[in-house]
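A short write-up of the structure that comes next.
The values are calculated or read from the model by the stated rules, or taken from the named source; none is laboratory data. Please read all numbers here as calculations on a predicted model, not as lab measurements. Here the Cβ positions follow ideal geometry from the backbone for every residue, glycine too, while neighbour counts run over all protein chains shown. We work out accessible area using only protein heavy atoms, side chains counted, and drop any ligands, DNA or RNA first. Shrake-Rupley method; radii C 1.70, N 1.55, O 1.52, S 1.80 Å.
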Amino acid sequence: AWYVPCLASLETLQELCRKENLRCKSIGITNRSLKSYEVEYLCDYKVEEGKAYYLVKWKGWPESSNTWEPRKHLNCPLLLQNFLRDKNEYLSRVREGKALKVRNHVKALKPAIADYIVKKAKQRIALQRWKEELNRKKNHKAMILVENTVDLEGPPLDFYYINEYKPAPGINVLNGITTGCECADCPAEKCCPKEAGFILAYNKRKKLKIQPGLPIYECNSYCRCGPDCPNRIVQKGTPYSLCIFRTNNGRGWGVKTLQKIKTNSFVMEYVGEVITSEEAERRGQLYDNQGNTYLFDLDYDSDEFTVDAARYGNVSHFVNHSCDPNLQVFNVFIDNLDLRLPRIALFSTRTIKAGEELTFDYQMKGSIDLTSDSAEGLSPSKKRIRTVCKCGAVCCRGYLN
């Protein structure tokens, strides 16, 4: 199904709910907020007759209900801290890094400062709601955090989180499996990888041991082995807590790990809409003008299908390119043995420290054998307009394509 973002503002929806006596937890209208007043954020500041007042936005009430309240009425130390921090942040940016002299006896804030504080507060609330939404929808235990200390950009308006491929009509991403292995303790002689003509992809520590370009065959839903089978890694989802963050060099959103990741560890899947190559070509014409790079060709065996993560995807949607990446792509087969429709998994190429940004090479060059027959299937869909690369790597090629 296609979704259309609501064009009504949060305040408009809150006011409508109050008029109709409706409850909606997602926008702050609850039984409690209908009967009480809770500070959502602080909008402005002034001093009158020697007394400090703050303009309060009440949770679950439209902005038309904002009131000026004396400091003694406010029991919200964290919101007061945010207010002061946002004010000082605005002044620091205006003065371009010059020494900030905070005056303690300001009688009123300039409109531009108050406007920034309100926008920052709204952004903080929107990002918190987005984080909660992402964590409700994910199907793995690890947490997803969201962070923006760079600008006023909020959550993407036209992005929908999914955990697995979303096939276009007529495309079946779950077929080809009728039986599984009979192993009591994988791996065994007749385990899934060997039945497919390949070796087991993981060692005893559940780390990748095969070379780039080779496929991964995991045990499937028909297999006799249980959930602790050492050949069930990608299907369990990312085991690491990750943070979607705003980059400070014009690359938009990025993803960083909050935990140390060892070499050859599974990190995440690349998911999105599965569409035909013809449809990908049509969408690619539109995406070129926007500089998007979300089309990923599934050409491990043929070039019939493409993954488009522009509107539907998971955390991998926000992973940036690097000419010196720390993630590598592998083709995975689990509940679908159709070679035209592999799942795409990202594994670490080296030890990644907590707090480090995750990246992969959109061209998939360097760490794979480009002479391999299957290497061609690991490259994202080629773009027609050259996009300047901002990865900052010493070996940067200058362009994403």
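Listed values, structure above:
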read-out	value
Search result, residues across segment 207-260 that are more than 15 Å from the chain's Cα centre (by Cα) and among the aliphatic types (A, V, I, L, M)	208, 210, 214, 216, 233, 234
Residue within segment 290-301 that is at pLDDT below 95, part of a helix (DSSP H, G or I) and out of contact with any Cys (no Cβ under 6 Å at 6 or more places or on another chain) present	no
Qualifying position, being in contact with a Ser or Thr (Cβ under 6 Å, 6 or more places away or on another chain) and either farther than 21 Å from residue 350 by Cα or modelled with pLDDT of 90 or more (or both), among 202, 217, 222	222
Hey, residue 204 of a type in the set (Lys, Arg), under 17 Å from the mean Cα position of the chain (by Cα) and under 30 Å from residue 263 (Cα atoms) or not	no
Residue pairs meeting the criteria (Cβ under 7 Å; at least 6 apart or on separate chains; first open to solvent by less than 10 Å² (accessible area, probe 1.4 Å), in segment 297-317; second assigned to a loop (DSSP other than H, G, I, E, B) and among the polar types (S, T, N, Q))	306/381
Residue selected from segment 272-286 under the condition part of a helix (DSSP H, G or I) and of a type in the set (S, T, N, Q), by the criterion least open to solvent (accessible area, probe 1.4 Å)	277
Test: residue in segment 316-324 that is within 20 Å of residue 239 (Cβ to Cβ) and either among the aromatic types (Phe, Trp, Tyr) or over 21 Å from the mean Cα position of the chain (by Cα) (or both)	yes
Candidate set: segment 52-74, residues that are at pLDDT 95 or above, aromatic (Phe, Trp, Tyr) and crowded, with 16+ Cβ neighbours inside 10 Å; chosen: the one nearest to residue 23 (Cα to Cα)	54
